[in-house]
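Here is the structure we will look at.
The values are calculated or read from the model by the stated rules, or taken from the named source; none is laboratory data. These numbers come from a predicted model, not from an experiment. Glycine also receives a Cβ, built like all others from the backbone with ideal geometry; neighbour counts cover every protein chain displayed. Note: accessible area is taken over every heavy atom of the protein model, side chains too, but ligands, DNA and RNA are not part of it. Shrake-Rupley method; radii C 1.70, N 1.55, O 1.52, S 1.80 Å.
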Amino acid sequence: MKKLKVRYHPIIPEHRIKALLEEYDSEKDECPFYVEDERHFCLLDYNSIHVENCQGHCFHKGFCCPIINDLLFKHKNFHELE
């Protein structure tokens, strides 16, 4: 996982709330799980082929990436991925 200084980390609950309240749009390549590869763009879902490259934006208008959302609510120990 990349070590970036990000304004809002997508798996920290307080950051997700602030991003939503501010309708925050993250910067390109800001997502700590983003990797630029030919067909795989997310370290959390690396075995899947992604049609669209998110360019590392983990928040759009305050809403978090659907891949992160899916994994956050599926796994009890998701916070350990930090």
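Select from Y46, Y34, Y24 the residue whose mean-square fluctuation is largest in a Gaussian network model of the chain (Cα-Cα springs shorter than 10 Å).
Among Y46, Y34, Y24, the largest GNM mean-square fluctuation belongs to Y46.
What ranking of V35, V51 comes out by heavy-atom accessible area, probe 1.4 Å, highest first?
Putting V35, V51 in descending order of accessible area: V51, V35.
Could you report the accessible area of E23 in Å², rounded to 10, computed with a 1.4 Å probe on the protein chains as they sit in the structure?
120
Quick one: if you stick a label point 7 Å off each Cα along the C-beta vector at V51 and I12, how many nm between them?
3.5
What pairs in K5/K74; K28/K74; K28/K61 have C-alpha atoms more than 20 Å from each other?
Where the Cα-Cα span goes over 20 Å, the pairs concerned are K5/K74; K28/K74.
When averaged across all projection directions, what area in nm² does the alpha-carbon convex hull of the chain cover?
5.1
Calculate what fraction, in whole %, of the accessible area of the chain sits on carbon and sulfur atoms when a 1.4 Å probe is rolled over the protein chains.
53
Counting pairs of alpha carbon atoms under 8 Å apart in space and at least six apart in sequence, what relative contact order in percent does the chain give?
The normalised contact order for the chain reaches 33 percent.
Determine the order of H9, H57 by accessible area, beginning with the largest, at a probe radius of 1.4 Å.
Result of the area sort, largest leading: H57, H9.
Roughly what would the spin-label model give for K74 and H40, points 7 Å off Cα along C-beta, in nm?
Computed distance between label sites K74 and H40 equals 1.5 nm.
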